[in-house]
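Structure first, commentary second.
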Amino acid sequence: MSTFETILYEKKNGTAYVTLNRPKALNAYNIKMRNEMYQVLGAVRDDPDVRVIIFSGAGDKAFCAGADLTEFLTAPSPVIARQVRFERDVWSRFLGVEKPIIAAMHGYVLGDGIEIAGCCDIRIASDDVQFGTPEMGLGIITAAGGSQTVPRIINRSHALDVLITGRWVKAEEALKMKLVNKIVTRDELMPIAEQIANRIKSFDPVAVNLVKQAVTRGMNMTLSQGLELEATLAGRLSAS
Ligand code: COA
């Protein structure tokens, strides 16, 4: 296991476990976590032993309670500009991981927490989950990709309902909106995430990664471009 200051990273039988690890601050996303996330995402992307990734949060109360409010708006503007550029790199690195990523969420999933989930491929949550975007109340917008990923996962009107009103969305409603694929009990959360990971690992990793690529890249294309992409990727698979 590699222990960063804010993230636990463990690799077991082809699964990478990435655990946000600031439980006393409800796993709030701070600058240190952002920097470590960048390193971890590079590791899972490049390590051929990693086939599937599971993201979760340490502690009883939260997957992630959003941006760390103690750092909120503390940097001078040139630093902010640099930070914005770097954050874009983190989120594009996240979205660029070709391997499947599962989010196993519990408790509070706020702000950046939703945005982390939005970069994952399969989202499961325990029945105590509560989603929310406090950004509006802070006079900011979801800027870690959420304004783009969330409407691509659920529909535009549900996304705006969540992002603009900042209201709490609990398990049952999150499932109805398709913000999560599955709701389970707290005890089942990791075992079910692992079950999904094991099933994925039983298949050819190249085929799995190509399907992810076909779907995620294809969603930003016209149908005919998407079909061309699919044919190219299928050809690449048969060639390999
Ligand atoms: N940044 C920094 N610290 C945070 C945090 C955040 N986003 N969210 C929670 N914490 C800290 C609290 O300050 C508290 O620390 P303390 O024990 O040293 O006082 C600890 O985590 C526990 O939080 P607490 O507020 O006592 O838990 P709660 O169950 O009463 O309330 C929340 C939970 C999530 C409703 C509440 O913590 C909250 O509203 N957090 C801020 C959410 C937010 O606005 N995020 C930014 C999104 S952009």
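The values are calculated or read from the model by the stated rules, or taken from the named source; none is laboratory data. No experiment lies behind these values; they were computed from the predicted model shown. Don't worry about glycine lacking a Cβ; one is built from the backbone with ideal geometry, like all the others, and counts go over all protein chains shown. Ligands, DNA and RNA are stripped out before the accessible areas are found, and what is left, the full protein with its side chains, is counted by its heavy atoms. Shrake-Rupley method; radii C 1.70, N 1.55, O 1.52, S 1.80 Å.
Report the semi-axes of the equivalent ellipsoid for the range 108-193 in whole Å, largest first, where each axis is √(5λ) for an eigenvalue λ of the Cα gyration tensor. The partial results should precede the final answer.
Values: eigenvalues 90, 32, 27 Å².
Taking √(5λ) for each eigenvalue gives 21, 13, 12 Å, largest first.
Under a Cβ-Cβ cut-off of 13 Å, what is the net charge of the residues other than Ala214 that fall near it, where Lys and Arg count +1 and Asp and Glu count -1?
Details: positive: Lys212, Arg217, Arg236; negative: Glu98, Asp121, Glu228, Glu230.
Residues near Ala214 contribute -1 overall.
Using only helices, what value at 222 nm comes out for the chain when you add -39,500 (n - 2.57) per DSSP H run of length 4 or more and divide by the total residues, to the nearest 500 deg cm²/dmol? Working shown, then result.
Numbers: 10 runs with 115 residues, N = 240.
The helix contribution divided over the chain gives -14500 deg cm²/dmol.
Are any of the pairs Lys170/Lys201; Lys32/Lys178; Lys32/Lys170; Lys12/Lys178; Lys61/Lys170 more than 23 Å apart by Cα-Cα distance, and if so, which?
Lys170/Lys201; Lys32/Lys178; Lys32/Lys170; Lys12/Lys178
Please determine, in degrees from 0 to 90 and to the nearest 10, the orientation of helix 31-46 with respect to the longest principal axis defined by the Cα atoms of the chain, where the helix direction is its Cα long axis.
That helix lies at roughly 10 degrees to the long axis.
Compute the FRET efficiency between Phe203 and Lys32 as 1/(1 + (r/R0)^6), taking r as their Cβ-Cβ distance and R0 = 30 Å, and round to the nearest 0.05. Display every interim value, and only then the final one.
Numbers: r = 36 Å, r/R0 = 1.20.
Efficiency at R0 = 30 Å is approximately 0.25.
Pull up all non-local amide H partners of Arg186: gap of 5 or more, or a different chain, and H-to-H distance under 5 Å with H placed in the peptide plane.
Under 5 Å from the amide H of Arg186 lie the amide H atoms of Asp127, each far enough along the sequence or on another chain.
For the range 128-240, what class follows from the C-alpha gyration tensor (a ≥ b ≥ c being the square roots of its eigenvalues): rounded when a/c is under 1.5, otherwise prolate if a/b is larger than b/c, else oblate? Walk me through the intermediate numbers first.
Working: a/c = 2.96, a/b = 1.43, b/c = 2.07.
Here the range 128-240 falls in the oblate category.
Would you kindly work out the equivalent ellipsoid of the chain from its C-alpha gyration tensor and give its semi-axes, the square roots of five times the eigenvalues, largest first in whole Å? List each step's numbers first, then the result.
Details: eigenvalues 147, 85, 77 Å².
Here the semi-axes work out to 27, 21, 20 Å.
Would you mind computing Rg(Cα) / (2.2 N^0.38 Å) for the range 121-164, counting N as its residues?
Its radius of gyration relative to the 2.2 N^0.38 Å reference: 1.21.
Which cross-chain or sequence-distant (5 or more) residues have an amide H under 5 Å from the amide H of Gly166, H modelled 1.01 Å from N in plane?
Thr133
Counting only protein heavy atoms, what percent of the accessible surface of the range 144-204 is carbon or sulfur at a 1.4 Å probe? Don't jump to the answer; show the numbers that get you there.
Values: 1940 of 3690 Å².
C and S atoms contribute 53 percent here.
Count charges around Tyr9 for me, please; just the other residues with Cβ under 12 Å from its Cβ, Lys/Arg as +1, Asp/Glu as -1. Could the numbers behind the result be given before it?
Working: positive: Lys11, Lys12; negative: Glu5, Glu10, Glu36, Asp47.
For residues surrounding Tyr9, the net value is -2.
Under unit Cβ charges (Lys, Arg +1; Asp, Glu -1), what dipole magnitude, rounded to 20 debye, does the chain have relative to its Cα centre?
Working: 28 positive and 27 negative charges, 56 e Å.
My answer is approximately 260 debye.
Which ³J(HN,Hα) values, rounded to whole Hz and listed in residue order, are derived for the range 164-171 from phi using the Karplus coefficients 6.51, -1.76 and 1.60 in 6.51 cos²θ - 1.76 cosθ + 1.60 with θ = phi - 60°, glycine and proline given as x?
8, 7, x, 6, 6, 10, 8, 3
Count the DSSP beta bridges whose two residues both fall in the chain, then state the antiparallel fraction as a percent rounded to the nearest 5.
Expressed as a percentage, antiparallel bridges in the chain total about 35.
Keeping every protein chain in place, order Leu189, Leu175 by accessible area at 1.4 Å, biggest value first, i.e. largest first.
Values: Leu189 10, Leu175 75 Å².
Most to least solvent-accessible, the answer reads Leu175, Leu189.
Which of Ile164, Trp91, Ala231 sits farthest toward the positive end of the charge dipole of the range 84-240, with +1 on the Cβ of Lys and Arg and -1 on the Cβ of Asp and Glu?
Towards the positive end, the residue furthest out is Ala231.
State the percent of C-alpha pairs, over all pairs in the range 1-52, separated by a distance greater than 12 angstrom.
Working: 821 of 1326 pairs.
Percentage above 12 Å: 62.
Select from Ser202, Gln213, Gln130 the residue farthest towards the positive end of the dipole of the chain; place +1 on Cβ of Lys and Arg, -1 on Cβ of Asp and Glu, and compute about the Cα centre.
Gln213
Please compute the length gained on full extension between Ala143 and Arg156, using 0.36 nm multiplied by the number of residues separating them and subtracting their Cα-Cα distance.
So the extension gain works out to 3.0 nm.
Could you tell me which of Ala43, Thr3, Ala28 has its Cα farthest along the dipole of the chain towards the positive end, charges placed at Cβ (Lys, Arg +1; Asp, Glu -1), taken about the Cα centre?
Ala43
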